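S.K.: Handing you this structure, nothing more for now.
The values are calculated or read from the model by the stated rules, or taken from the named source; none is laboratory data. Quick caveat, the model's predicted, so the values are computed rather than measured. No Cβ is skipped: glycine too gets one built from the backbone with ideal geometry, and neighbour counts run over all protein chains shown. Heavy atoms of the whole protein, side chains included, go into the accessibility calculation; ligands, DNA and RNA do not. Shrake-Rupley method; radii C 1.70, N 1.55, O 1.52, S 1.80 Å.
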Amino acid sequence: MANVSITGGDKWKKAFEKYQQESELKVGILNGATYQGEGNKSQAGQKVAEVAYWNEYGTKNAPARPFFRNSIENKKNEWVQLIESEVKRGQSLEQAFNAVGDNITADIMDTIKQGIDPALSEATLANRAKKGHTSTTPLMDSMTLIKSIEYEVNK
C-alpha cells in the first residue's frame, strides 16, 4: 500500500487534524485474498497482495506495471477535492472517506482496465491463448487482482 502526503491547503489541514485520530481510509488488497488457481494451477494459494506488489514494482523476470502509483499520481488531487467537498457539504469524515474510497477503488480498476505499459510479451500472450484467454491487457488474466481491490474506513 502506498502512502499519500498532501501539501498546501493549510486551512484544510488544520480542520482535518481534529479528525485524524477518528477515521482512517485504507485502499488496496486488504482482505487476504488468494488465487484459487484460476488459469494457473501453480498459482493456487498465492496471496494477491504479493502478486500486486510484484506487478507494481517489477521483478527480475517481469517489468513493473505501476497501476497503484499511476492511479495516485493521476487522481490524488481529485480525491482530496472530493473529501473536501464532502466535508464542506456537511458529511462526516467517515462519510467522506466512504465516498472517496469508492472513487479510489474505481480509479485503480480503471487504470488496470486501460492497460499499463509495457505490453505483454509474446510468450505471455501465447500462454494466455493456450488457456483460452483472449485479453491482451496486462494484469487482466484471471481478474482476481482487479476483483480484490477494495477499501475500508476504520474508526
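S.K.: Search segment 118-155 for residues being among the β-branched types (V, I, T) and free of Cβ contacts under 8 Å to residues at least 40 places away in the same chain, and hand back the single one that is nearest to S23 (Cα to Cα). Spell out the reasoning first.
M.R.: Just the residues of segment 118-155 that are among the β-branched types (V, I, T), to begin with: 124, 134, 136-137, 144, 146, 149, 153.
Restricting the remaining residues to those that are free of Cβ contacts under 8 Å to residues at least 40 places away in the same chain gives 124, 134, 136-137, 146.
On the way: T124: 42, T134: 42, T136: 40, T137: 36, I146: 25 Å.
Only one residue fits best here, namely I146.
S.K.: Determine the pairs where a residue that is of a type in the set (G, A, S), located within segment 90-117, has a partner that is part of a helix (DSSP H, G or I) with Cβ atoms under 7 Å apart, the partner being 6 or more residues away or on another chain.
M.R.: The qualifying pairs are A96/I83; A96/E86; A96/V87; A99/L82; A99/E86.
S.K.: Let me ask something else. Considering segment 108-124 alone, what residues qualify as being open to solvent by 20 Å² or more (accessible area, probe 1.4 Å) and closer than 19 Å to T144 by Cβ? Steps first, answer last, please.
M.R.: Filtering segment 108-124 for residues open to solvent by 20 Å² or more (accessible area, probe 1.4 Å) gives 109-111, 113-115, 117-124.
M109, D110, T111, K113, Q114, G115, L120, T124, listed by residue number.
S.K.: Counting just the residues of segment 55-67 that are open to solvent by 30 Å² or more (accessible area, probe 1.4 Å) and touching a residue at least 24 places away in the same chain (Cβ under 8 Å), which one comes out farthest from the chain's Cα centre (by Cα)?
M.R.: P63
S.K.: Within segment 7-29, count every residue that is modelled with pLDDT of 90 or more, open to solvent by 50 Å² or more (accessible area, probe 1.4 Å) and aliphatic (A, V, I, L, M). Reasoning before the result, please.
M.R.: Filtering segment 7-29 down to residues modelled with pLDDT of 90 or more leaves 25-29.
Still in the running and open to solvent by 50 Å² or more (accessible area, probe 1.4 Å): 26.
From what is left, the residues that are aliphatic (A, V, I, L, M) are none.
Total meeting the criteria: 0.
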